[in-house]
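K.L.:
Pasting in a structure now, in structure tokens, and then I'll have a few things to ask.
The values are calculated or read from the model by the stated rules, or taken from the named source; none is laboratory data. Note that this is a predicted model, so its numbers are computed, not measured. As a convention, Cβ positions derive from the backbone with ideal geometry for all residues, glycine included, and neighbour counts pool all protein chains shown. Just the protein is used for accessible areas: all its heavy atoms, side chains included, with ligands, DNA and RNA removed. Shrake-Rupley method; radii C 1.70, N 1.55, O 1.52, S 1.80 Å.
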Amino acid sequence: RVSCLMQDNKKRWWMSAGVSARGYPCIFDPLHRNFKKIPVDYPAKGLLYIQSIFQDSKGQIWMVTGVDGLFVLDTFKNIFKKYTTVWPEFFSDVWNMHEDKQTGRYWLETDKGIVLYDPKLKQYYHQKNNPEFLQCFMDTIFCTKAHSLYLDYNSVLWATDRTKNGAHISYRYDTKKNVLAQTNNHSGWIYRYFTDVSGITWGYGNILGR
């Protein structure tokens, strides 16, 4: 089973291969047409709950595994290592991440809420540490319970959450204008977002909307 797929800037395909929801990272080299398993510096030595693999603008390849940890590829030894080789220690599990290529910052979806990491200052910003007074961290529901985090091409952050009465809310946070808004309430759950060629961002799951 392949649970995630990513093509890097060398046109190599990265994926998670395994059984059920757990697997191991591997790479397909189109030039030699073969698959290669990538080792992970992981004490348990078992299959990982890989959520995504992506490459940032600096060429670093990241592997997001939720409770199993956040990893970054050591390109010299060709092994995934714990993120603390490049970032300071974090206080939560990361389930999703996106890089804002315009600012160089990273948005993280964690089990303790939304977090913003600034690699230049080596600082994590969140609800309890918000020196820039970002509106997204002033909304308790958004910054602590929102899921399905997505950053579109215009540096607009999207997320969804369920209210106490069962309704589902979509959020739109304009990172440039520092404006957070609820886009709509709906009966279905949005699992993913994507932006089409015209610049419109869609949400989909058991419903489809924009």
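K.L.:
Using a 1.4 Å probe over the heavy atoms of the protein chains, calculate the carbon and sulfur portion of the accessible area of segment 56-210 as a whole percent.
P.N.:
With neighbouring chains kept in place, the figure for segment 56-210 is 53 percent.
K.L.:
Can I ask one more? Taking the Cβ of residue 26 as the centre, find all other residues whose Cβ is under 15 Å away and add up their charges (Lys, Arg: +1; Asp, Glu: -1).
P.N.:
Within the 15 Å Cβ shell, the charges total +4.
K.L.:
Relative contact order for the chain: what percent, with Cα pairs under 8 Å and sequence separation of 6 or more?
P.N.:
That works out to 9 percent.
K.L.:
Right, something else. Would you please name the trypsin sites (Lys or Arg not before Pro) within segment 77-147 that are DSSP coil residues with at most 11 other C-beta atoms within 10 Å of their C-beta?
P.N.:
77, 120, 122, 128
K.L.:
Which value results when the Cα radius of gyration for the chain is divided by 2.2 N^0.38 Å?
P.N.:
1.04
K.L.:
Another one. Within the chain, what's the longest run with no chymotrypsin sites (Phe, Trp or Tyr not before Pro) in a DSSP loop and at most 13 other beta-carbon atoms within 10 Å? Give the range, please.
P.N.:
Here the longest segment lacking exposed loop sites spans 1-75.
K.L.:
Accessible area per residue of segment 82-174 at 1.4 Å probe, in Å²?
P.N.:
Accessible surface, normalised per residue, equals 49 Å².
K.L.:
Check segment 51-210 and count each lysine pair with an alpha-carbon distance under 15 angstrom, considering only pairs eight or more places apart or from different chains.
P.N.:
8
K.L.:
Sum -39500 (n - 2.57) across every DSSP H segment of at least 4 residues in the chain, then divide by the residue count to get the 222 nm mean residue ellipticity, nearest 500.
P.N.:
Roughly -500 deg cm²/dmol at 222 nm, from the helical runs in the chain.
K.L.:
In addition: Provide the net charge surrounding residue 59, with neighbours chosen by a C-beta distance below 12 Å and charges set as Lys +1, Arg +1, Asp -1, Glu -1.
P.N.:
Cβ neighbours under 12 Å give a net charge of -1.
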